[in-house]
1. Kindly evaluate residue B:63 against the criterion of being hydrophobic (A, V, I, L, M, F, W, C), closer than 23 Å to residue B:170 by Cβ and part of a helix (DSSP H, G or I).
2. Being over 24 Å from residue B:300 (Cα atoms) and surrounded by fewer than 20 Cβ atoms within 10 Å (Cβ to Cβ) is the filter here; which residues of the stretch A:291-314 pass it?
3. Go through the residues of the stretch B:131-140 one by one and say whether even a single one is touching an Asp or Glu at 6+ places or on another chain (Cβ under 8 Å) and of a type outside the set (Ser, Thr, Tyr).
4. Considering only residues that are within 17 Å of residue A:318 (Cβ to Cβ) and buried (at least 21 other Cβ atoms within 10 Å of the Cβ), which ones fall in the stretch A:248-257?
5. Here are the criteria: (1) of a type outside the set (A, V, I, L, M); (2) over 20 Å from the mean Cα position of the chain (by Cα); (3) within 14 Å of chain B (Cβ to nearest Cβ). Tell me which single one residue A:165 does not satisfy.
6. Out of (1) in contact (Cβ under 8 Å) with a residue 60 or more places away in the chain; (2) more than 10 Å from every other protein chain (Cβ to nearest Cβ), what's the single condition that is false for residue A:201?
7. Considering each residue of the stretch B:230-247, count those that are surrounded by fewer than 24 Cβ atoms within 10 Å (Cβ to Cβ) and facing chain A (nearest Cβ under 7 Å), and give that number.
8. Which of the residues spanning the stretch A:342-372 are hydrophobic (A, V, I, L, M, F, W, C), closer than 22 Å to residue A:22 by Cβ and either surrounded by fewer than 19 Cβ atoms within 10 Å (Cβ to Cβ) or not assigned by TED's automatic domain parsing to the domain that holds residue A:187 (or both)?
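The values are calculated or read from the model by the stated rules, or taken from the named source; none is laboratory data. Note that the coordinates shown come from a computational prediction; the quantities given were computed from them, not determined experimentally. Quick reminder, even Gly has a Cβ in these numbers, built from the backbone with ideal geometry, and neighbours come from all protein chains shown.
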There are 2 protein chains.
Amino acid sequence: MTQTTPIADRLPLLRRLGIRTPIIQAPMAGVSTPALAAAVTNAGGLGSLGVGAMDAEAARKAIRETRALTSGPFNVNVFCHAPAVADAAREQAWLAYLAPRFAEFGATPPAALREIYRSYVTDDAMHAMLLEERPAVVSFHFGLPDAGRIRALRDAGIVLLASATSLDEARAIEAAGIDAIVAQGIEAGGHRGVFDPSAVDEGLGTFALVRMLATQTRLPVIAAGGIMDGAGIAAALALGAHAAQLGTAFIACPETVADGPYREALLQARKRPTVLTRAISGRHARGLANRFTELGAAAGAPATPDYPTAYDAGKALHAAAKARGSADFAAQWAGQAVPLARALPAAELVAALASELAASARGLGELAETLG
Amino acid sequence: MTQTTPIADRLPLLRRLGIRTPIIQAPMAGVSTPALAAAVTNAGGLGSLGVGAMDAEAARKAIRETRALTSGPFNVNVFCHAPAVADAAREQAWLAYLAPRFAEFGATPPAALREIYRSYVTDDAMHAMLLEERPAVVSFHFGLPDAGRIRALRDAGIVLLASATSLDEARAIEAAGIDAIVAQGIEAGGHRGVFDPSAVDEGLGTFALVRMLATQTRLPVIAAGGIMDGAGIAAALALGAHAAQLGTAFIACPETVADGPYREALLQARKRPTVLTRAISGRHARGLANRFTELGAAAGAPATPDYPTAYDAGKALHAAAKARGSADFAAQWAGQAVPLARALPAAELVAALASELAASARGLGELAETLG
């Protein structure tokens, strides 16, 4: 084999992102840390910070902490959901529904719910901060900001990514001038990036979605959902992706802020299925089934408030339960392939993933010899 | 590259199945034909007959017709669902729900519903016929027959496959002495093979399911769901599968009995999403969204009768609509990647798939050189 084309010629997105191996650590707001992002970047992948639940100054701090730990590129992920519409009746009905669970832990629900964080689409301070700090990569979840924000970020030399769960969303991303699409399949843990949470969600699996976007859009595709090892990354590349984004695979790394019960639950995940629920945050997210997801699925459950207003209640209920030693109402986000999770330091995990990927790709190449 | 290990040493299931290329045409009861199965087998893959909706003599005829067209191995798929439990009240409520749709086409619903075909688990004539005809491969969907039937088929030298949608089902298949597992992801068109339709279905995507079964069972895995081209087959092999089973990819072949409106809908599928519905047959199956799937998803829809009793109503309603020129109530089963469907003769399609697979595998191999 005399093939010497460098990887970045085969997967040009890697050169654009400035990374050596086609591995992106998913942003995972509330789980990822500067230490995690920096470790992944230093190991040759693309680390990410999820700042969707932070204000501009907290996000700036996280970016600076990451820069102190790596000179390489990393990704800063912001949420682009339509801002919540307050609906006092719906919010009170939801709080009333949760009240017996608060009572179980000797707590009372909050009197009212707040929209606990701003969408980047209206957060001028966050936008200004990004233009000042200029992270190498910015990614969008739940939709896209307006053309002015996109242009400003591009003009600042920032590479832009956005999540799509369907071909229509991918086409919108393409039309908006984004650099690459994160194709998020139904397997993925955490929040589904659907643009319009009230629209019908076909729930496309990673396999179908990645192949459709790789063949029916012109942008490079990053595969996400159900990818836990190098074989999975090789499969994503076979489907035409330029890189794979892994979230659940990184949660049990010591560099995250996942708490003890979450780590334990992840590593014993064969005992609990994952489910998509709106009950915790107001938007569909996949996590390990627990009493909170059951509450959301129960017959007669009222409609949740808008995202992220419902999350105000969800976080309060979890805090009340946690104060009494219960993790039954935690948001333990996880993807469908969580039984394959490993607890390794991030640098070791990236090295293992890269080595498994090389072995899988080599195996396929050897198979090709016999396929003629 | 001096690699000369034959493909059947890398993918030993192929030798067991007696085929040259890791491509299995999904059985697709009501769509596949002896001509399709034979064409796929003659092209080096494994053709399949879906006889779940036939009685033993019709199935014998289909097997003999296939044998007249090929001397190679093919697969005969039987349904192993728990027999329907009659429930007159539920059936009448369902018929009452459908009655206005029948009326729309100048028809009346049947007075009562029948269990329109027998499960192989109670069909002694089908079992005796299989032992007489001895097809090379028999596959099970919706569960497993009892140990006696499995032993008899094995003793007759028949290779056995069974569908799994979860790790628990895969473990049951392994324990039963089956030769390989068809890992059917949520992307797949047609009926989900879940063993117990009343249990919670995690809805595992192909990517997650195949990788979990490949790593957590000892049996060879056949990937199914969302695979439409050779890149998809390469991805399945990267995930550790020994072969890929494609259904939707074959529906538009001229050798199937899909009707005109179904073919047209498939090839224009970008206009309609696929959905899982119980409304048509009584069990979850994925097809192109239409008025029938809407009816099933409507608020206040009554519970469907058991499978396949509900299908008696479904087929009658489709027949009434079709008689008036409407395909609005057809069972147009299709997987999520249906926008990638091609209308090619089966032999050409298998040749294209094999060639694309080789190219994808070679591409991965070349990539491996640069991954170090």
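1. no
2. A:291
3. Scanning the stretch B:131-140 turns up no residue that is touching an Asp or Glu at 6+ places or on another chain (Cβ under 8 Å) and of a type outside the set (Ser, Thr, Tyr).
4. A:251
5. (2)
6. (2)
7. 1
8. Of everything in the stretch A:342-372, those that are hydrophobic (A, V, I, L, M, F, W, C), closer than 22 Å to residue A:22 by Cβ and either surrounded by fewer than 19 Cβ atoms within 10 Å (Cβ to Cβ) or not assigned by TED's automatic domain parsing to the domain that holds residue A:187 (or both) turn out to be A:344, A:347, A:351, A:352, A:359.
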